[in-house]
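Reading through the C-alpha cells given below for one structure.
Bear in mind these aren't lab numbers, they're just calculated from the coordinates by the rules spelled out. None of the values given here were measured: they were computed from a predicted structure. Cβ placement follows ideal geometry from the backbone for every residue including glycine, while neighbour counts extend to all protein chains displayed.
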Amino acid sequence: MNSSGQLASRQLLVAASPDPDTARYLAPDGSVTIPPGVAGEVLRALIRDLTARVRTDGGEVSPTVRRVLYALHEAAQNTAAHAPSSAHGTPDTPPATVELTTHEAAQLLGCSTEYARRLARTGRVLARRAGPAWLINNASLDAYRKGTAA
C-alpha cells in the first residue's frame, strides 16, 4: 500500500472511537472474527485494495488470502439471503463477486490455462474480460466442477 493509503488507513482507525466491545472480535491467537453483517463491506474494501496493489506492482494474492476472501464472500451471501430489505424498501447491496484468473481456475480444475479460457469464452462458466485476461466467477466454477448449472 502506498504512503497516502497507509495514512488514510491510520486516519480511519484513529478517527473511529475506541469501542469497548472490540475485544470480543479478537481471539487469543490474534485472529479476528468478522460479524456477518459487515462481511460484504469488508470484502469490498479488501478487493478494492488488493486490486489496486496487483495493478500497481503486479503481485499475486496468496492462496490463503483467496480462501479468506472466499469465506467473506460466503458469509456476505448468507447474510444477504437472510437479511430483510433496508428501510427504504430496496434490497441491501449485494456482496462483491469473487473472481479467479484463468491460471487459478486451471489449477483448481487440474487442467490447462487454455482450457479454462475456452470454458470462459464459450460461456460454460460465468466470466468477463478484463483487458486481455478472463476473470472467472468462482461460484460458477464451483458449479461447473460439481456438474450443476450456475
HN-Hα J in Hz across the range 136-146 - Karplus 6.51, -1.76, 1.60, θ = phi - 60°, x for Gly and Pro: 9, 5, 5, 5, 5, 5, 4, 5, 4, 4, 8
Would you mind checking which residues have amide H under 5 Å from residue 127's amide H? H placed 1.01 Å from N; only 5 or more apart, or other chain. 137
Each residue of the range 61-74 in order: what ³J(HN,Hα) in whole Hz does its phi give by Karplus 6.51 cos²θ - 1.76 cosθ + 1.60, θ = phi - 60°, with x for Gly and Pro? 8, 5, x, 5, 5, 4, 5, 5, 4, 5, 5, 4, 4, 4
Order by protection proxy (mean Cβ within 10 Å, highest first), peptides 51-63, 133-145, 23-35, 109-121: 133-145, 109-121, 51-63, 23-35
